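The values are calculated or read from the model by the stated rules, or taken from the named source; none is laboratory data. Treat the numbers as computed from the prediction; the structure is a model and nothing was measured. No Cβ is skipped: glycine too gets one built from the backbone with ideal geometry, and neighbour counts run over all protein chains shown. These accessible areas exclude ligands, DNA and RNA; they are computed on the full protein's heavy atoms, side chains included. Shrake-Rupley method; radii C 1.70, N 1.55, O 1.52, S 1.80 Å.
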Amino acid sequence: MAHQIVCRPPQAKYRAQLLVWTALLLVFVTTLGSTSAFSMPNKSRHQLSHHGIRPFTTTGTSRFQRKSTLHMSMGEMEVIECDVAIVGGGPAGCTCALYTSRADLKTVIIDKNPSVGALAITSHIANYPGVDRSMSGQELLDQMRVQATEYGTRYERAQVFMIDVDEASTGDNVYTKMIYTPDYTIKARSLVLATGAMGRAAPPFPGEAEYLGQGVSYCATCDGAFYRESEVCVFGATAEAMEEAMFLTKFASTVHWITSVDVQSTAGGTTNKKVEQNKVMDEEMINELLACDNVKHWNKYRMVSVEGDMSGVTGVSVQAVGSSDPQVIPVEGAFIYGAGGGSKPITDFVQNKVELDDSGGVIVNEDMETSVKGVFAIGDIRNTAYKQVVVAASDGCIAAMSIEKFLSGRKTVKVDWIHK
């Protein structure tokens, strides 16, 4: 995926961000055919930028109709039409996709990252029926994904920043669900929310919320080009943080990688039980990042706050573990990924368009359908107490059968096998 490199002087920060979002909005409007068919809340780019895209793999077939393809400086914009759009590629999403594809429904999975979910980071699976106990969570998930794609599921690696869930919002009485990413839009007849519950539950750092979109970002792929020849920092020792830091090395003059744990001992082969538990540290990835000439590693430093003024972020305050003296690192961009591995349902892209319970979980009925017709939620995003792979897979099966019933207009569920 190619992005135009945008040179952004510090004083032009707001103007550059506004121009990018305006261009993206125009592409969406043009792609959908008319401005009357498109409805988007009036949001500035910095409110949406942290829901950006990661590099994805296209495995589409002729079953998926590509409505239009536009080319502009920001890259290629594509509109994909399907029967079922599934946001999240974990066990719930893959199981749902397997069943809907077998039912000959055009199915697309939009997955942020296949290696950072709850199942992917599990070292061994000992309680999933029929699976050898030596199998890792990543291996099981890979098999689930392959099985779904072999039956026709299209798998896209991207991050969704917004959805629309009804005809009033989409202006389409057939494809009433819309899923938006910075590089393409998916139009679907039904939508499944399966993003899990590993969201960051900790409160933001002082200054983080204040400077969101004014130097604070959660997506290097979205905003990295704004920081060409500038100094930036990445906070976090997760696989996601390392991938984002590596991406930023293409643009920034210096990438300050801040980790509160001793990552270097992990890279040297020492087991560190304090390493953040949302991803087993990849030694090769650590060494590759540390080998970059423009990466400065702040090992065993805590993030204290984000500093700034009217122009935006000017630095971050950090403190060495065991020290009481903070120091400021001058940066223009702060990419914060934190500890991760939380248990908060990941629903930020939903923007309260379906009902949530007091704990942030999506409310569903026995068919896994949410408060909006044709929108389903499965797996840990429901914030169920039973966070198990087999339960997530069960949710996916129930939702798929419910979707088939919903789209066909039948009153009864059609099972995936025939009793004789």
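Within the group ASP166, ASP183, ASP223, which residue is of a type in the set (Asp, Glu), modelled with pLDDT under 90 and closer than 30 Å to ALA400 by Cα? Before the answer, list the steps.
Working: ASP166 fails: modelled with pLDDT under 90; ASP223 fails: closer than 30 Å to ALA400 by Cα.
On inspection, the qualifying residue turns out to be ASP183.
Could you check the range 282-343 for strands (runs of 3 or more DSSP E) lying wholly inside it with 1 or more residues that are open to solvent by 30 Å² or more (accessible area, probe 1.4 Å), under 17 Å from GLY236 (Cβ atoms) and not charged (D, E, K, R)? Lay out the reasoning, then the answer.
Values: elements: 295-299, 301-309, 312-320, 327-330, 333-336.
The qualifying strands (runs of 3 or more DSSP E) are 295-299, 301-309, 312-320.
Mind counting the residues in the range 257-285 that are under 23 Å from the mean Cα position of the chain (by Cα), modelled with pLDDT of 85 or more and within 26 Å of SER305 (Cβ to Cβ)?
Result for the range 257-285: 3.
Mind listing just one residue for me: the one in the range 292-339 that is under 30 Å from ILE179 (Cα atoms) and in contact with a strand residue (DSSP E or B) (Cβ under 9 Å, 6 or more places away or on another chain) and, of those, modelled with the lowest pLDDT?
GLY338
Taking the range 152-162, which residues are modelled with pLDDT of 95 or more and either closer than 22 Å to GLU240 by Cα or aromatic (Phe, Trp, Tyr) (or both)?
Residue satisfying the conditions is TYR155 alone.
Of all residues in the range 348-369, which are part of a loop (DSSP other than H, G, I, E, B) and at pLDDT 90 or above?
Answer for the range 348-369, where residues must be part of a loop (DSSP other than H, G, I, E, B) and at pLDDT 90 or above: LYS353, VAL354, GLU355, ASP357, GLY361, ILE363, VAL364, ASN365, GLU366, ASP367, MET368.
Can you give me the ranges of the strands (runs of 3 or more DSSP E) entirely in the range 156-266 with at least 3 residues that are within 25 Å of THR370 (Cβ to Cβ)?
Working: elements: 162-164, 177-180, 184-193, 231-235, 254-259.
Result: 162-164, 177-180, 184-193.
Of all residues in the range 125-145, which are over 17 Å from ALA239 (Cβ atoms) and surrounded by 13 or more Cβ atoms within 10 Å (Cβ to Cβ)?
ILE125, TYR128, VAL131, MET135, LEU140, GLN143, MET144, ARG145
Are there any pairs with C-beta distances below 6 angstrom linking a residue in the range 386-402 that is open to solvent by 60 Å² or more (accessible area, probe 1.4 Å) to a residue that is of a type in the set (D, E, K, R), with the two at least 6 apart or on different chains, and if so which?
Pairs that qualify, where the first residue is open to solvent by 60 Å² or more (accessible area, probe 1.4 Å) and the partner is of a type in the set (D, E, K, R), are LYS387/ASP380.
Could you please find all residues in the range 183-203 being out of contact with any strand residue (DSSP E or B) (no Cβ under 7 Å at 6 or more places or on another chain) and either without any contact (Cβ under 8 Å) to a residue 40 or more places away in the chain or acidic (Asp, Glu) (or both)?
Residue satisfying the conditions is PRO203 alone.
So which of ALA85, ALA118, ALA103 is surrounded by 23 or more Cβ atoms within 10 Å (Cβ to Cβ) and either at pLDDT 95 or above or of a type outside the set (Val, Ile, Thr) (or both)?
Result of the check over ALA85, ALA118, ALA103: ALA85.
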